[in-house]
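These notes concern the structure reproduced below.
What follows is calculated from the coordinates using simple rules that are stated; it is not laboratory data. Values in this document were obtained by computation on a predicted structure and should not be read as measured data. Counting neighbours? That spans all protein chains shown, and the Cβs are built from the backbone with ideal geometry, glycine included.
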Amino acid sequence: MDTINKIINRIHIFYSLGVIYSIKCKYSQLKVALYYVFFDFDKWHIYSTFQCRPYKKIVVDMVNSLNVDSVLEVGCGMCDILGRVNSKAKIGVDSDIKILNVSRIIYKNKINLVHSDLKNLDLKYFNNIDCLIMVNWIHCISPEELHNILSPILPKIKYLVVDSIRDDAEAELNYKYRHDFKFLSKYTKEISSNSIKKEARDIKIFKVAPC
């Protein structure tokens, strides 16, 4: 049943894109599918390309509006977002070495790619980072764990970009946690929010208060 619901949700997103974007979506999926043949990464990446997921463009536009010099994205995947962000320094972090190998081929030396997860990532990587992006995966960890991981990181950055799953999200999306980010009020101020109606999620930007 879970598999059927996921397929239905993908079809819903696909048709909500419109004809032109649906064609671009399918074309981008074919290109990623070719990489999949050789690198055998998690198959869901095929269905989650920039052209197929409206939230990714919103994230790019919101980050670019900040005019920051350095960006670090945890859970960068194929760098669909990071590769389109206008910043001088870019660091992409992912726990999947297979998908990072694909990103290395696509972006060569334009992005500094690091094999790690957020919990084990050396804090040195956050030195001189203006903006931290964490979207579409934090719903797998508890608010308590997210709080504990971010606490030493927040003083090092200026902006934090995250996504929250709204209450109207369909149950079959199977998100384990739906964060309200209340703990961030101690360290940050929400300065921007953009609702992605097609995916029942909101993209939020928090500005970190000076120490």
Practice prompt. Restricting attention to the range 186-206, report how many residues are touching a residue at least 12 places away in the same chain (Cβ under 8 Å), closer than 10 Å to Arg166 by Cα and outside any strand (DSSP E or B).
Written response: 2
Item to complete: Go through the range 37-52 residue by residue and tally those that are among the basic types (Lys, Arg) and either closer than 14 Å to Cys79 by Cβ or touching an Asp or Glu at 6+ places or on another chain (Cβ under 7 Å) (or both).
Response: 0
Discussion item. I need the full set of residues from the range 90-112 which are under 10 Å from Val74 (Cα atoms) and either outside any loop (DSSP other than H, G, I, E, B) or of a type in the set (D, E, K, R) (or both), in order please.
Written reply: Ile91, Gly92, Val93, Asp94
Practice prompt. Just one of (1) within 21 Å of Ile81 (Cα to Cα); (2) small (Gly, Ala, Ser); (3) free of Cβ contacts under 8 Å to residues at least 12 places away in the same chain trips up Ser164, so point out which.
Written response: (3)
Discussion item. Could you tell me how many of the residues in the range 107-121 are out of contact with any strand residue (DSSP E or B) (no Cβ under 8 Å at 6 or more places or on another chain) and under 16 Å from Leu146 (Cα atoms)?
Written reply: 2
Worksheet entry | Options Leu154, Leu100, Leu118, Leu150: the member that is surrounded by 12 or more Cβ atoms within 10 Å (Cβ to Cβ), within 17 Å of the chain's Cα centre (by Cα), over 23 Å from Trp44 (Cα atoms) and not small (Gly, Ala, Ser) | Leu150
Discussion item. Between Phe39, Phe126, Phe50, which is of a type outside the set (D, E, K, R), more than 20 Å from Val161 (Cβ to Cβ) and surrounded by 14 or more Cβ atoms within 10 Å (Cβ to Cβ)?
Written reply: Phe39
